[in-house]
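The values are calculated or read from the model by the stated rules, or taken from the named source; none is laboratory data. A quick note: this is a predicted structure, and the numbers were derived from the prediction, not measured. No Cβ is skipped: glycine too gets one built from the backbone with ideal geometry, and neighbour counts run over all protein chains shown.
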Amino acid sequence: MKCLIIGDRGIPETYFLKKMKYLEQYGVVFTTVNLDKSMDDAAFYAHLRRIETQGPEGIKINNEILREIKDAEILAIHWAPVNKELLENAKKLKIIALSRAGFENINLGVAKEKNLWIVNAPGRNKEAVADHAITLFLAARRRIPYIHNNILDGNWESFYPEKDLRNMIAGVIGFGNVGKETAKLLNGLGLKVLAYDPFADKDEMKNYNIVKVTIDKLLEESDVIFMHARMSDENKGMINMEAFKKMKKRPVFVNNARSMLVYTDALVTALDEKLISAAGLDVFDEEPLPKNSPLLKFDNVVLTPHCSNTIESLMYNGPAIIAREIESILKNKKATFAILKPDS
C-alpha cells in the first residue's frame with residue numbers, strides 16, 4: 001500500500017516520515033516528494049494566501065506529484081493543493097491525511113465523489129498559536145519593539161500602560177482549540193476572561209473559568225481582544241468599523257487567526273482614531289506585507305510574518321496525529337478526526 005507524502009516548507013517530508021514510518025508494519029510503503037523546493041518563505045506564504053482566498057483549483061500540480069499519485073492509496077499532506085487535476089489522476093486513492101486543521105487546500109466536492117476518507121489534525125499547533133497571541137499582546141501593550149528601537153537610536157524613553165495586567169479583562173473570539181489554550185494562559189496571568197462563540201457550550205467555558213457573552217458585550221468590556229475564530233463566509237469581516245466603535249475601553253487588539261476576519265481599512269482607521277490602544281498582528285491581506293502598508297506607520301503595532309503556528313518541536317504533531325488516524329482506519333475502519341468518510 002503506497003503512501004505518497006508531499007512535504008513543503010512548513011512541514012518537510014522528513015518530519016512526516018519520522019512520525020509515520022511505524023505504519024510500515026501494516027504494509028504501508030512510503031514515497032516522498034516536495035511541493036516546491038524552490039519556494040522561500042515569501043513564496044510559501046504567498047502560496048498559502050492564494051489557497052486561503054481562492055482554494056486549490058487553478059494551482060498547477062507539478063509532473064512529479066501527478067506521476068506519483070497515480071498508484072498511491074494514501075496521500076499525506078500539509079499545504080499541497082488537492083484539486084480536481086490531482087484527484088482525477090489518483091486512480092487508487094483511498095485516504096487523504098491532512099496534517100493541519102483547516103482543509104481549504106482540498107476540493108471536498110470531488111473528494112466526496114471519489115468516496116474517500118479525509119482526516120485532519122485539529123489542535124496540532126494550538127500551544128504555538130496561543131503563546132504567540134499572548135506574546136503579541138504583551139509586546140504591543142508595553143510597546144516593547146518601539147522602546148527597543150528607541151534605545152538602538154540612542155533614546156532613553158519609556159512607556160507606561162494605563163492599567164495593571166491583573167485588572168484587565170480579556171475577550172476571546174472563538175473557543176476552539178486555540179481559544180481554549182489562550183484562555184488558560186490568560187487565567188494564569190490573572191486576567192478575567194470573556195469569550196464569544198455561538199457554538200461553544202456555556203458549561204464547558206465555566207470549566208475554563210470563562211464567562212460566555214455576546215459579541216457586543218465582549219467588544220464593550222474587553223481591555224484586550226484576541227481573534228481565534230475559524231474563517232467562514234458567515235464571519236468574514238466580522239470586525240468592521242461598527243465593531244471597533246463598540247470597543248469602549250480602547251483595547252489592545254490581537255489577530256493571529258485569519259486576516260479576513262477583520263477589515264484592514266477599519267483596523268487602520270481604528271488605530272488612527274485611537275479607538276484601540278495597540279495591535280498585535282501575525283496575518284495580513286497580502287503576504288508578505290507590502291512596504292507601503294499603512295500598518296507600518298504605527299509605533300503601537302507589533303507585526304510578525306505569519307509565524308505564530310510554528311514551533312520546531314510542535315511541527316511533528318500534525319504528522320503524528322494523522323499517522324494515528326491512518327492506523328485506526330487500516331485496523332478498525334474508524335477515525336477520530338474524519339472530515340469525510342466513504343459511504344461503505
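Ala72 passes all but one of (1) in a helix (DSSP H, G or I); (2) in contact with a Cys (Cβ under 9 Å, 6 or more places away or on another chain); which number fails?
Evaluating Ala72 over (1) in a helix (DSSP H, G or I); (2) in contact with a Cys (Cβ under 9 Å, 6 or more places away or on another chain) leaves (1) as the failure.
Where in the stretch 93-177 are the helices (runs of 4 or more DSSP H), entirely inside, with at least 2 residues that are crowded, with 22+ Cβ neighbours inside 10 Å?
Ranges flagged: 126-142.
Pairs under 6 Å by beta carbon, first residue touching a residue at least 60 places away in the same chain (Cβ under 8 Å) in the stretch 137-155, partner of a type in the set (Asp, Glu), six or more apart or different chains?
Short answer, once both residue conditions are applied: Tyr146/Asp299.
Would you pick out the residues in the stretch 267-300 that are touching a Leu at 6+ places or on another chain (Cβ under 6 Å) and part of a loop (DSSP other than H, G, I, E, B)?
Across the stretch 267-300, the qualifying residue is only Phe298.
Got a number for residues in the stretch 116-139 being touching a Lys or Arg at 6+ places or on another chain (Cβ under 9 Å), more than 19 Å from Met20 (Cβ to Cβ) and modelled with pLDDT of 95 or more?
Total meeting the criteria: 1.
Only one of (1) in contact with a His (Cβ under 7 Å, 6 or more places away or on another chain); (2) at pLDDT below 95; (3) charged (D, E, K, R) is not met by Asp282, so which one is it?
If we test Asp282 against (1) in contact with a His (Cβ under 7 Å, 6 or more places away or on another chain); (2) at pLDDT below 95; (3) charged (D, E, K, R), just (2) comes out false.
Considering only residues of the stretch 1-55 that are among the β-branched types (Val, Ile, Thr) and in contact (Cβ under 8 Å) with a residue 60 or more places away in the chain, which is surrounded by the fewest Cβ atoms within 10 Å (Cβ to Cβ)?
Ranking the candidates gives Thr53 first.
Every residue in the stretch 296-329 that is among the aliphatic types (A, V, I, L, M) and out of contact with any helix residue (DSSP H, G or I) (no Cβ under 7 Å at 6 or more places or on another chain), please.
Within the stretch 296-329, Leu296, Ile321, Ile322, Ile329 qualify.
Out of everything in the stretch 235-253 that is assigned to a loop (DSSP other than H, G, I, E, B) and not basic (Lys, Arg), what residue ends up being nearest to Asp265 (Cα to Cα)?
Looking at residues that are assigned to a loop (DSSP other than H, G, I, E, B) and not basic (Lys, Arg), I get Asn240.
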